[in-house]
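Structure first, commentary second.
Derivation of every value follows stated rules applied to the coordinates shown; laboratory data play no part. Predicted, not measured: the structure shown is a model, and the values here were computed from it. Virtual Cβ from ideal backbone geometry, glycine too; neighbours counted across all protein chains shown.
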Amino acid sequence: MIIVTRHFSARMLRGSIFASEIFIDILNPVTMKRILILGAGTAGTMMANKLRKSLDRDEWEITIVDKHRTHYYQPGFLFIPFGIYNKQDVIKPKADFIPPGVKVVFSEVDKVEAEENKVHLADGSVLLYDYLIIATGTETRPDETPGLTDKLWRKEIFDFYTVEGAVELQKFFKQWEGGKLVLAITELPYKCPVAPIEFVCLADAYFTEKGIRDKVDITFVTPLAGAFTKPIATKMLSELLAEKNIKVVPDFYIEKVDNEKKAIVSYDEQEIPFDVLTIVPMNMGNSVIERSGLGDDMNYVPTDKHTLRSEKYENIFVLGDAANLPTSKAGSVAHFAADILFENLMSAIEGRPLMAKFDGHANCYIETGFGKGALIDFNYDTEPLPGTFPLPGIGPFGLLKNTKINHYGKVMFRWMYWHILLRGKELPIDPLMTMAGKKMIK
Amino acid sequence: MAEKNYAGKTVEVTEDGYFTNPADWNEEIAKEMATEAGIELTDKHLEVLNYLRKQFETGEALTIRKVGKSGVVDIKGLYQLFPGGPLKISSKLAGIPKPTSCV
């Protein structure tokens with residue numbers, strides 16, 4: 001890599017030609033190696049914390065760049081429409097979670113010039129790096145679906161993947177007297193695959209408690225063949241939705257929203273009318289990935305699914321939703337992947353082969369309403385299975401079972417997120433999935 | 001696993017009827033499978049099937065969106081060619097595995 005050559009030549013300069021103290025002092029800042037993290041969301045923040053703890057401050061400069069100053073606890077958005085959380089429960093300043101010794105730059109990134117190991121910021125300044133960690137996440141793009149952001153947007157059509165959408169929906173639900181509530185998933189992949197299921201379950205509980213459940217018709221619309229992607233979890237979740245009298249419309253691929261008819265329309269011209277539509281908009285990687293020519297057709301960075309290194313550049317690693325990994329786009333995945341990325345980055349720095357292999361481990365609590373929850377734990381190769389999930393001191397939690405303890409797991413998680421996870425501290429869960437407690441079924 | 005007979009050839013298929021070995025496939029077989037599924041195979045259908053096979057060989061996961069952006073056929077066209085579950089039906093007729101979602 002270019003940078004190795006540069007260090008080598010810097011040392012040669014110091015040792016052979018310019019052997020004076022003055023030159024050493026000037027050269028030292030240049031020989032500081034640089035890790036640059038793009039994105040101070042869940043993934044980037046965790047990584048900044050992990051790296052600062054391990055890397056010598058005299059040798060490594062760590063910089064993190066993000067355009068926003070506010071950190072959102074995104075798993076909490078789901079609870080806002082139902083008044084369980086409010087906006088202030090899910091936001092904190094990003095700077096609070098970046099450790100001392102990490103340089104924070106609040107700026108939009110113009111583009112990455114990977115061949116030159118440079119990142120151009122919107123104001124024209126340039127940041128150099130030896131290693132780049134891309135953690136720019138995924139974002140919702142309602143503009144990609146015709147009719148979605150027209151006159152009904154945020155009036156009778158809402159998203160709950162942004163704090164603004166979730167807050168508006170809370171206001172709407174407060175005064176709504178009932179009718180047809182449709183939740184529709186636009187396209188895969190989307191952030192947190194279980195959230196839409198949780199949404200309809202929480203809606204069932206909310207309107208029951210409000211005493212108008214008999215006036216609210218809830219429909220769950222998905223482009224998938226069933227309520228979830230993998231067969232065993234789909235069966236469990238379908239039964240759960242049926243129990244709650246929530247209709248599932250599978251294989252529905254939305255082409256557009258008809259604002260006049262108040263209906264979603266599929267490519268094969270089926271229509272589903274709604275009084276209120278909660279949409280999971282199309283997800284795409286950050287546009288900086290597109291501008292930098294680093295992404296696939298959905299702006300996700302092609303990434304080795306085991307080593308988490310960019311498929312194209314040896315000094316670029318990708319963490320969290322920004323990667324094109326065939327696993328869930330979720331904080332738990334970023335958390336598990338962070339351990340593996342850290343190990344592999346250390347190996348790369350020390351010139352060793354990348355031995356740590358990520359398995360796609362995801363662990364998701366599914367809030368199902370009425371103080372209960374379910375839990376799924378899976379990876380690239382093993383679909384969510386029933387059984388128990390061991391967690392020292394607190395668990396076990398029931399896998400694919402609807403229980404009260406799973407709900408408390410979810411409630412507790414917000415505290416863990418702010419205090420343990422973001423700060424890069426250890427959780428008592430192995431990054432790789434374990435089969436302990438899982439039941440094999442045919 | 002099960003065995004099926006198409007165009008004088010015995011092929012191994014999964015319980016849902018997807019080929020276990022994509023190399024067993026040829027256009028004659030596709031035509032017979034299509035007839036079985038109630039679809040009369042046109043050149044456009046075959047163009048899509050061949051595109052899907054080519055994509056499958058590259059190891060990239062197929063999505064309706066990706067096919068729609070391929071320039072071979074748009075999403076609406078794909079639905080017209082293979083009504084119902086266009087990617088599932090077309091993958092089956094192309095002799096490639098059932099499209100899976102990774103999450």
| remark: The longest stretch of chain B containing none of the GluC sites (Glu not before Pro) that sit in a DSSP loop with at most 14 other Cβ atoms within 10 Å is B:61-103
| query | Taking GluC sites (Glu not before Pro) that fall in a DSSP loop and have at most 13 other Cβ atoms within 10 Å as cut points, what is the longest piece of chain A between them? | reply | A:178-259
| remark: For region A:362-421, the Debye formula with one identical point scatterer on each Cα and no solvent gives log10 I(q)/I(0) at q = 0.16, 0.27 Å⁻¹ as -0.48, -1.15
| query | Nearest 10 degrees, 0 to 90: what angle lies between the long axis of helix A:163-175 and the longest principal axis of chain A (Cα atoms)? | reply | 20 degrees
| task | Report the full-extension gain for the segment A:H306 to A:F106: residue separation times 0.36 nm, less the Cα-Cα distance, to one decimal in nm. | result | 68.9 nm
| note | Hydrodynamic calc, chain A: Kirkwood Rh from Cα pairs, then Stokes-Einstein at 25 °C with viscosity 0.890 mPa s, so D in µm² s⁻¹ is 106 µm²/s
| field | q = 0.17, 0.20 Å⁻¹: log10 I(q)/I(0) that the Debye formula gives for region B:2-93, counting C-alpha atoms only | value | -0.70, -0.98
| query | Stretch A:D123-A:Q175 to full length: gain in nm at 0.36 nm per residue minus the Cα-Cα span? | reply | 14.3 nm
| Taking neighbour counts of Cβ atoms within 10 Å as a proxy for exposure, in what order, fewest first, do A:L224, A:L78, A:L319 appear? | A:L224, A:L78, A:L319
| query | Per residue of chain B, what 222 nm ellipticity follows from adding -39500 (n - 2.57) for every DSSP H run with n ≥ 4, rounded to the nearest 500? | reply | -12500 deg cm²/dmol
| Sequence of A:R52, B:R53 once ranked by neighbouring C-beta atoms within 10 Å, starting from the fewest | B:R53, A:R52
| message | Please compute the modelled spin-label separation between A:D96 and A:D275, points set 7 Å along Cα→Cβ, answer in nm with one decimal. | response | 3.9 nm
| query | Say R0 is 22 Å: what FRET efficiency, to the nearest 0.05, do A:I394 and A:K439 get from their beta-carbon distance? | reply | 0.60
| field | A:K155, A:K256, A:K191, A:K329 arranged by Cβ crowding within 10 Å, fewest neighbours leading | value | A:K155, A:K256, A:K191, A:K329
| request: Take chain B, connect every pair of alpha-carbon atoms lying under 10 Å apart with a spring to form a Gaussian network, then pick out the residue of B:K66, B:K92, B:K31 with the largest mean-square fluctuation. | output: B:K66
